[in-house]
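First up is the structure itself, then whatever we jot down about it.
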Amino acid sequence: MLAGMDTKQKKRGFAGDIATLLCKWEFTNMGLTIFILACEAGMEINGMVKKVLFVCSGNVDRSPTAESLLKGKEGLEVKSAGTLIGAKTVVSKDLVNWADMIFVMEEHHKEAVEKIDPNVGKKIIVLDIEDTYLRNDSKLTKILKEKLLKYFDDV
């Protein structure tokens, strides 16, 4: 079955087989718990993806830079938004509910998201990146990569 497949296809096939086994096992033995743990670990299971939202103030520099680092990564769907009324994309209750993980650049962004949805809970992470960088600035990219490696294998 694996003959004629490139390495990436083989890995995807192997991961898919494991995901299928996990799903079968979870339904027969552990119920929803395994599914939740797998999703929290960032695994793609039967087409499900981890939905990641990055939030800054204007959605011009920091959050779009972060979004571009993860965009197109297998198993992830990524969006960005801003907290200001004039932001390119304004963070909304729909976006907050959509996201599995929300990365905010500063503490005041966390507070703004919590005002939108007080039950946002553990899915929000403060990156502590000040608004001193332009979009795709090499220093910003380096900082984002270092901070995001705690949560994603391939940044």
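The values are calculated or read from the model by the stated rules, or taken from the named source; none is laboratory data. Since this is a predicted model, take the numbers as computed values, not measurements. A quick note on method: Cβ atoms are made from the backbone with ideal geometry, for glycine too, and the neighbour counts reach across all protein chains shown.
Listing for the model above:
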{"quantity": "Check on K115, in contact with a strand residue (DSSP E or B) (Cβ under 7 Å, 6 or more places away or on another chain), under 21 Å from S57 (Cβ atoms) and modelled with pLDDT of 95 or more", "calculated": "no"}
{"quantity": "Selection count, region 59-97, where residues are over 21 Å from Y133 (Cα atoms) and surrounded by 14 or more Cβ atoms within 10 Å (Cβ to Cβ)", "calculated": "6"}
{"quantity": "Helices (runs of 4 or more DSSP H) wholly inside region 90-155 containing at least 1 residues that are more than 15 Å from P64 (Cα to Cα) and of a type in the set (A, V, I, L, M, F, W, C)", "calculated": "93-98, 107-116"}
{"quantity": "Hits in region 70-93 - residues which are over 17 Å from E111 (Cα atoms) and under 16 Å from the mean Cα position of the chain (by Cα)", "calculated": "L70, K71, G72, K73, E74, G75, L76, E77, V78, K79"}
{"quantity": "Subset of region 118-136 (residues that are over 15 Å from C56 (Cα atoms) and in contact (Cβ under 8 Å) with a residue 24 or more places away in the chain)", "calculated": "V120, K123"}
